[in-house]
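The numbers here are math on the coordinates, done by the rules we state, and not lab data. Computed from a prediction, not measured in an experiment: that's the story for all the values here. Ideal geometry is used to build each Cβ from the backbone, glycine not excepted, and the neighbour counts take in all protein chains shown.
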Amino acid sequence: MRKPSLILIALCLLLASCGKPKDEWSRFSGFTKEDIAGHYEANPDESLYEPLPTEGVTVYNNAVVDVEALAGSSVSVRISIPGAFHLKSFSGPINADSDLTLTNAISSNTKEDIMMTVYRNEAGQVRFHGRVKRYHYSTQPGHENELTSSENWGFDVIKQ
């Protein structure tokens, strides 16, 4: 009577451990610039590139990102998405949570930022899921801070 119960428990544990994906990604809090520096290419998981429910956001499956460690806690991020834009560069300090946000002022009425969530899996791979966004502001006197339109380019990349 006892033996079948032990076999059943062992079988349940075996099934539970087999069902867990080996490449499960977790938010990577406390990353350093050395952890994220490197070359990133598009995530091969095509399910990530299905249309999003958010209007105006497209996740591109051909993004390339390069991250370079700079002095202090700063990094330089260069991103290219063929068919969307050739190259955009951002630089600035990293923060201690699992997100990285860097901003550029293109002109007095146009700004861009890149916002990425940093993930790591059990194998130690690093992944970015994020977007580049361009903001257009009014040039009308008295309305300079009013957002008139924006563009979004989403991406999901894995460190090579």
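For the pair E34 and E68, how long in nm is the line joining their label points, each one 7 Å along Cα→Cβ?
2.0
Suppose the Debye formula is applied to equal point scatterers at every Cα of region 68-121; what is log10 I(q)/I(0) at q = 0.23, 0.24 Å⁻¹?
The Cα Debye sum returns log10 ratios of -1.02, -1.07.
How many angstrom lie between the Cα centre of region 109-156 and the Cα centre of region 56-102?
Answer, in whole Å: 10.
So what J values fall out for region 103-111 if you push phi through Karplus, 6.51 cos²θ - 1.76 cosθ + 1.60 with θ = phi - 60°, rounded to Hz, Gly and Pro as x?
So the J values, rounded to whole Hz, are 10, 10, 9, 7, 8, 5, 10, 9, 10.
Order of 128-135, 90-97 by packing, highest average Cβ count within 10 Å first?
Values: 128-135: 19.9, 90-97: 14.6.
For the peptides 128-135, 90-97, the packing ranking is 128-135, 90-97.
Please find the FRET efficiency linking T117 to N145, where r is the Cβ-Cβ separation and R0 is fixed at 22 Å, and quote it to the nearest 0.05. The partial results should precede the final answer.
Numbers: r = 27 Å, r/R0 = 1.25.
My answer for the efficiency is 0.20.
Give the cross-link partners of K88 among the aspartates and glutamates, using a straight C-alpha distance below 13 Å as the criterion and excluding same-chain residues fewer than 8 apart.
Counting by Cα, and skipping residues close in sequence, K88 has these aspartates and glutamates nearby: D66, E112, D113.
Hey, can you rank 99-112, 58-71 by average C-beta count inside 10 Å, highest first? The partial results should precede the final answer.
Values: 99-112: 14.5, 58-71: 17.1.
Ranked by mean Cβ neighbours within 10 Å, highest first: 58-71, 99-112.
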